[in-house]
Amino acid sequence: MDQQKWSVVKANFIGTEDLTDGYYRLRETEEGYQLAYLIAGPCGDKIPHPEVTLQKVADQIEPIHLRDLEETPILNLTQATDAEKIEELTDQLLERFLMRKNLSL
């Protein structure tokens with residue numbers, strides 16, 4: 001995962017943000033963070049598309065779990081089995097947020 005992108009996203013994020021293409025959410029957890037792109041569901045709920053759990057390891061942030069309820073079949077990836085795919089999808093999510101907020105590195 002690109003640590004520079006992460007730093008810019010974290011510095012420019014405020015809770016849940018409604019941007020042009022959907023909602024973005026960043027929550028702090030006990031082990032690190034949870035970053036999600038959410039789309040509106042049929043009943044006003046917000047569906048993760050995807051949601052990434054990020055863990056602090058030394059001075060780095062690493063994605064350890066990814067879940068996407070909009071994919072068919074539902075994506076439920078863990079670092080132990082799908083580390084490369086989680087890294088790729090996390091970088092895509094970070095890049096999408098940067099583009100929507102017109103931020104650059």
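The values are calculated or read from the model by the stated rules, or taken from the named source; none is laboratory data. Computed from a prediction, not measured in an experiment: that's the story for all the values here. Every residue, glycine among them, receives a Cβ derived from its backbone with ideal geometry; neighbour counts consider all protein chains shown. Areas reflect the complete protein model, heavy atoms only, side chains present, ligands, DNA and RNA absent. Shrake-Rupley method; radii C 1.70, N 1.55, O 1.52, S 1.80 Å.
Things to note:
- From the list Q60, Q79, the lone residue that is free of Cβ contacts under 8 Å to residues at least 24 places away in the same chain, of a type outside the set (S, T, Y) and farther than 18 Å from R25 by Cβ is Q79.
- Selected residue (only one of L98, L38 is open to solvent by less than 30 Å² (accessible area, probe 1.4 Å), in a helix (DSSP H, G or I) and of a type in the set (A, V, I, L, M)): L98
- Here R67 fulfils each of the conditions (1) closer than 19 Å to Y24 by Cβ; (2) touching a residue at least 60 places away in the same chain (Cβ under 8 Å); (3) not in a helix (DSSP H, G or I) apart from (2).
- Residue in the range 44-53 that is surrounded by fewer than 19 Cβ atoms within 10 Å (Cβ to Cβ), in contact with a Ser or Thr (Cβ under 7 Å, 6 or more places away or on another chain) and not aliphatic (A, V, I, L, M) present: no
- Selection status of T78, surrounded by 15 or more Cβ atoms within 10 Å (Cβ to Cβ) and either among the hydrophobic types (A, V, I, L, M, F, W, C) or touching a strand residue (DSSP E or B) at 6+ places or on another chain (Cβ under 9 Å) (or both): no
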